[in-house]
Amino acid sequence: MRVLIVEDDVIYVNALEVLLTEMKISSLNSTGDSEEAFRLIKAVKPNLILLDINLKGKRSGIEIAEYVRENNLPIIIMYLTSSIDEATFNKAKETFPYSYITKPLDKENFKRTFALACQHKKENFSYKTFKHSDSQIEQDYIIVKTDKVLQKINISDICLINVEGKYCSIIISKEEIRIKLSLKELIDKINSSEFMKVNRSCVVNIKKIESFDLKKEVVYIGENRIPISRRNKSKLMQVLL
């Protein structure tokens with residue numbers, strides 16, 4: 001297990017390193033700077049990140065987690081933070097972390113949560129075939145459960161995915177398939193670099209994009225007009241050009 005600690009409080013970093021060493025974690029890296037964190041994610045390829053929210057540098061821990069999710073990186077996020085306000089928690093929740101632990105840390109609670117996260121990592125990312133109560137992926141297709149019917153969907157046929165609360169709507173041509181599954185879980189199971197998140201509630205199949213209106217900041221896939229967030233506009237342009 002490769003662990004990256006992103007924390008700017010040296011006392012907490014030292015304490016975490018001691019705890020993790022006791023738990024037989026030998027591959028450890030740490031930084032308190034957000035920009036250095038991005039470099040380490042690319043260089044070290046951690047399996048799990050212990051992530052503070054308020055960091056040195058231009059970006060926050062939440063932005064680091066957003067980067068991980070938007071790029072479909074198989075990394076578990078565990079927030080360790082002093083931020084207890086509801087607004088920060090709700091924003092962090094949108095990045096689908098494994099846990100949100102507030103400081104000061106309870107040693108035993110942390111060790112148990114970390115152990116469960118390691119087990120979750122092993123069960124969900126170590127196999128070519130992923131399983132879920134509502135969906136399963138094998139090779140180039142997924143099987144989804146809609147009501148009491150199992151339906152096979154070729155991944156290459158998916159145009160886009162819209163998020164609606166606890167549900168995802170998979171758009172295939174003019175057909176819409178609605179399933180009870182989070183966006184993170186569905187993207188993990190699709191497991192394809194051809195899909196990209198273009199705004200908070202939509203993922204598109206890059207190969208299905210027919211046009212990109214740079215002025216209006218929208219892409220078109222068939223009859224679907226999809227707005228692009230400013231954060232994702234430059235990323236999408238790099239992929240398409």
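The values are calculated or read from the model by the stated rules, or taken from the named source; none is laboratory data. Here the structure is a predicted model, which means the values were calculated and not measured. Here Cβ is always computed from backbone atoms with ideal geometry, including for glycine, and neighbour counts include all displayed protein chains.
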| query | Looking at region 186-225, which of the residues that are in contact with a Cys (Cβ under 6 Å, 6 or more places away or on another chain) and not charged (D, E, K, R) is surrounded by the fewest Cβ atoms within 10 Å (Cβ to Cβ)? | reply | 221
| remark: Within region 209-226, residues charged (D, E, K, R) and out of contact with any helix residue (DSSP H, G or I) (no Cβ under 7 Å at 6 or more places or on another chain) come out as 210, 213, 215, 216, 223, 225
| Scan of region 42-89 for residues that are more than 18 Å from residue 111 (Cα to Cα) and acidic (Asp, Glu), ordered by number | 63, 66, 70, 85, 86
| query | Name the pairs: first residue in region 69-85 and at pLDDT 90 or above, second residue outside any helix (DSSP H, G or I) and of a type in the set (Phe, Trp, Tyr), Cβ to Cβ under 7 Å, at least 6 apart or on different chains? | reply | 76/98; 77/98; 78/98; 79/100
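Residues that are in contact with a strand residue (DSSP E or B) (Cβ under 9 Å, 6 or more places away or on another chain) and among the polar types (S, T, N, Q): which strands (runs of 3 or more DSSP E) entirely in region 1-89 hold 3 or more of them?
So the answer is 27-31.
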